[in-house]
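**Student:** The structure's right below; bear with me while I get my questions together.
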Amino acid sequence: MLTVVAAVVIAVAFLACDKDNGNGNGNGNGKNPSGSQITMRGNYIGGFEMKGTGTVTIDWGNTKTETHTLSSTGMVYSHSYLNYEMTYNVKITGNITYLVCDAYLINIDVSNNTALTHLEVGGNLTSLDVSKNIALTYLDCSHNRLTNLDVSKNTKLKELYCEWNRLTTLDVSKNTALTHLDCNNNNLALNSLFGTLHSNNISGGKVIGIEGNLDYWDCDRSIAENKGWTVYDVLRK
């Protein structure tokens, strides 16, 4: 069964082959489309890299709607708009397992896609709800303005990249499969974070990046190291 993944708002600064509707609300009737939403704003071509099964329908929020066959190896789907000062509501419908949003995000709702295993979102997010995405193994929400991130439901998560946000706390005690955690450049109390790290033995090791947090110079790295974690100043992906 197809899953409504998201709806997007994008602004782009490139000329398009498709004619925009020109009414300033991006969907022709002054109302947002039904379903979950992604809200984007940017000055470049909006696009998504997606993987999954079956077909995906992308309503770009003007007069352009496309249907494609999803690939397990991934495809990039992009579109450009005539007026970069306008915003557009874009709805993606399909059985998506992998989603990378290449845009300047303001809001994203992927709560209807429980099959999602890989999610990369960046831009200007102030909130992110992944509580329904229990299949996630990879989450990159770096370079946003998040002050809170709840990953307690994401028990399959292996890699978490949340650097360059405004997080003050982060609890990963439920993420017992985690191998990579990059939380550089937040406002975290690192000793508290270290206390929530699991101590499971994992092949290939476990690494955590901590540079640029509140008590970076004074934290007790041995709390993490005694649990088998390698502490890096910058975690190389």
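The values are calculated or read from the model by the stated rules, or taken from the named source; none is laboratory data. All of these numbers come straight from a predicted model, not from anything done at the bench. When we count neighbours, we look across all protein chains shown, and the Cβ atoms used for this are built from the backbone with ideal geometry, even at glycine.
**Student:** Only one of (1) under 25 Å from N213 (Cβ atoms); (2) modelled with pLDDT under 95; (3) crowded, with 20+ Cβ neighbours inside 10 Å is not met by H143, so which one is it?
**Tutor:** The one condition H143 does not meet is (3).
**Student:** Surrounded by fewer than 23 Cβ atoms within 10 Å (Cβ to Cβ), at pLDDT 75 or above, in contact with an Asp or Glu (Cβ under 6 Å, 6 or more places away or on another chain) and part of a loop (DSSP other than H, G, I, E, B) - does that describe any residue in the range 92-109?
**Tutor:** So far as the range 92-109 goes, no, none of its residues is surrounded by fewer than 23 Cβ atoms within 10 Å (Cβ to Cβ), at pLDDT 75 or above, in contact with an Asp or Glu (Cβ under 6 Å, 6 or more places away or on another chain) and part of a loop (DSSP other than H, G, I, E, B).
**Student:** Output the number of the condition that Y88 fails; it satisfies all remaining conditions of (1) under 25 Å from L128 (Cα atoms); (2) at pLDDT 80 or above.
**Tutor:** Failed condition: (2).
**Student:** Oh, and also: Filter the range 185-219 for residues that are surrounded by 13 or more Cβ atoms within 10 Å (Cβ to Cβ) and charged (D, E, K, R); which is farthest from D140 (Cα to Cα)?
**Tutor:** The qualifying residue farthest from D140 (Cα to Cα) is D215.
**Student:** Check the range 110-127 and report whether any residue there is on the phi > 0 side of the Ramachandran plot and modelled with pLDDT of 85 or more.
**Tutor:** no
**Student:** So, of the residues in the range 129-144 that are of a type outside the set (V, I, T), out of contact with any Gly (no Cβ under 9 Å at 6 or more places or on another chain) and assigned to a loop (DSSP other than H, G, I, E, B), which turns out to be nearest to H180 (Cα to Cα)?
**Tutor:** Result: L136.
**Student:** Which ones in the range 47-80 are outside any loop (DSSP other than H, G, I, E, B), out of contact with any Phe, Trp or Tyr (no Cβ under 8 Å at 6 or more places or on another chain) and modelled with pLDDT of 85 or more?
**Tutor:** T53, G54, T55, T57, T65, T67, T69, M75, listed by residue number.
**Student:** While we're here: Taking N29 and the conditions (1) surrounded by fewer than 17 Cβ atoms within 10 Å (Cβ to Cβ); (2) modelled with pLDDT under 70; (3) under 26 Å from N144 (Cβ atoms), which numbered condition does it fall short on, given that it satisfies the others?
**Tutor:** N29 satisfies every listed condition except (3).
**Student:** Then there is this: For the structure I just gave you, tell me whether N165 is at pLDDT below 95, crowded, with 19+ Cβ neighbours inside 10 Å and under 14 Å from the mean Cα position of the chain (by Cα). Step through it out loud before you land on a result.
**Tutor:** Values: at pLDDT below 95: no; crowded, with 19+ Cβ neighbours inside 10 Å: yes; under 14 Å from the mean Cα position of the chain (by Cα): yes.
Criteria not met by N165.
**Student:** What are the pairs, 6+ residues apart or on separate chains, where a residue within the range 173-201 that is among the aromatic types (F, W, Y) has its Cβ under 6 Å from a residue that is surrounded by 15 or more Cβ atoms within 10 Å (Cβ to Cβ) and modelled with pLDDT of 95 or more?
**Tutor:** Every condition considered, the pairs that remain are F194/I223; F194/A224.
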